[in-house]
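Working notes, beginning with the structure itself.
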Amino acid sequence: MLELYRNIRELRIRNHWTQEELASKMGYTDRSMIAKIESGKVDLSQSKIIEFAKVFGVEAGDLMGSVDSSIDAERMAKNREFIELFENVP
């Protein structure tokens, strides 16, 4: 499960997001929860893992697996663009 937390941190960094930015996207009030998650101090529910995957534009299974082998930056960017467009539809 530790790989999940490393992947969350890696994907946050790849997206050039601060912990504050990711916290906001996830609905947390401040960065402290993201810091705890990235350090493995918090167990995530399946629904939270799915939420993180949606924010990053990846599959939940990819998020729990190896970022380097299963998530390429181009696919991640396209998925993220689609999600942002969808969220902005009136």
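The values are calculated or read from the model by the stated rules, or taken from the named source; none is laboratory data. All figures in this text were calculated on a predicted structure; none of them were measured in a lab. Cβ sites come from the backbone with ideal geometry, for glycine too, and all protein chains shown count toward neighbours. Ligands, DNA and RNA are excluded from the accessible area calculation, which covers all protein heavy atoms including side chains. Shrake-Rupley method; radii C 1.70, N 1.55, O 1.52, S 1.80 Å.
Checked against (1) more than 10 Å from the chain's Cα centre (by Cα); (2) under 14 Å from N7 (Cβ atoms); (3) modelled with pLDDT of 85 or more, G65 meets all criteria but (3). Which ones in segment 21-58 are open to solvent by 50 Å² or more (accessible area, probe 1.4 Å) and under 12 Å from R9 (Cα atoms)? Within segment 21-58, K36, S39 qualify. Filtering segment 8-20 to residues that are of a type in the set (K, R) and either surrounded by 16 or more Cβ atoms within 10 Å (Cβ to Cβ) or in contact with a Ser or Thr (Cβ under 8 Å, 6 or more places away or on another chain) (or both) leaves R9, R12.
Summed over segment 33-48, the residues that are of a type in the set (D, E), within 13 Å of the chain's Cα centre (by Cα) and over 16 Å from E21 (Cα atoms) give a count of 0.
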